[in-house]
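Comments concern the structure below.
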Amino acid sequence: MSDTLIGYLNQWSEVCPDDAWLRERADGQIRDWSWAESAAQIRAMAAWQEDNLAGPGLNVGILSRNRPHWFFADLGSIAAGNVVIPMFTTLPGDTAKYVMDFTDMQVLFLGETENWDQVEPMLPEHIQIITLPGVELDREHLKWDDLVGQYAGRTPSYQCKPNDMISIVFTSGTTGVPKGV
């Protein structure tokens with residue numbers, strides 16, 4: 001029996017690789033993501049992070065609506081030993097800046113979000129942006145599909161432990177600055 005999220009992912013991608021794990025509805029179409037397809041994307045992103053970031057233990061953000069690639073970015077970061085900072089898609093720019101600065105966020109996975117016009121001017125200079133599939137951006141960034149394609153078939157060397165810190169979730173900050181838990 002597994003004792004980490006990545007252990008469970010590995011277990012189910014071996015036990016039932018072709019079974020649907022996630023379902024996405026876009027443009028009136030439904031797309032199922034199998035355990036094996038999902039695990040392959042997650043592992044590839046984890047391997048990219050190992051090769052290109054000075055981790056493990058770095059803070060990476062996700063700013064996107066709920067979708068399969070949100071989970072892939074989340075679990076790929078965890079599989080590389082990094083800490084995920086999920087950000088609300090309604091977060092005001094000054095609050096987003098506070099969270100990014102406070103956590104020294106190194107990477108931001110960017111998906112569909114209604115607050116990009118407020119967050120973009122607040123980005124730290126050093127932050128690396130990775131756009132999720134379907135997101136176009138008029139600034140320097142990396143694309144999810146390119147990175148996953150480049151690292152296809154790779155597996156991260158990091159071994160997750162049950163006591164790893166995997167996420168810092170910030171409150172909305174309605175009564176002051178957000179608090180991370």
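Miscellaneous remarks
- Sole residue being open to solvent by less than 50 Å² (accessible area, probe 1.4 Å), over 23 Å from R23 (Cβ atoms) and under 14 Å from the mean Cα position of the chain (by Cα), chosen from L108, L123, L142, L137: L108
- Scan of the stretch 9-47 for residues that are among the hydrophobic types (A, V, I, L, M, F, W, C), open to solvent by less than 10 Å² (accessible area, probe 1.4 Å), at pLDDT 95 or above and under 26 Å from F88 (Cα atoms), ordered by number: A39, I42, A44, M45, A46
- None of A73, A152 is of a type in the set (G, A, S) and open to solvent by 10 Å² or more (accessible area, probe 1.4 Å) except A152.
- Any hit, the stretch 156-172, residues being farther than 17 Å from V83 by Cα and surrounded by 15 or more Cβ atoms within 10 Å (Cβ to Cβ): no
- Residue in the stretch 9-31 that is touching a strand residue (DSSP E or B) at 6+ places or on another chain (Cβ under 8 Å), in contact (Cβ under 8 Å) with a residue 12 or more places away in the chain, at positive phi and part of a loop (DSSP other than H, G, I, E, B) present: no
The values are calculated or read from the model by the stated rules, or taken from the named source; none is laboratory data. Remember, predicted model here, so these are calculated numbers, not experimental data. Positions of Cβ are backbone-derived with ideal geometry, glycine not excepted, and every protein chain shown enters the neighbour counts. The protein model used for the area step is the full one, side chains on, heavy atoms only, and it has no ligands, DNA or RNA in it. Shrake-Rupley method; radii C 1.70, N 1.55, O 1.52, S 1.80 Å.
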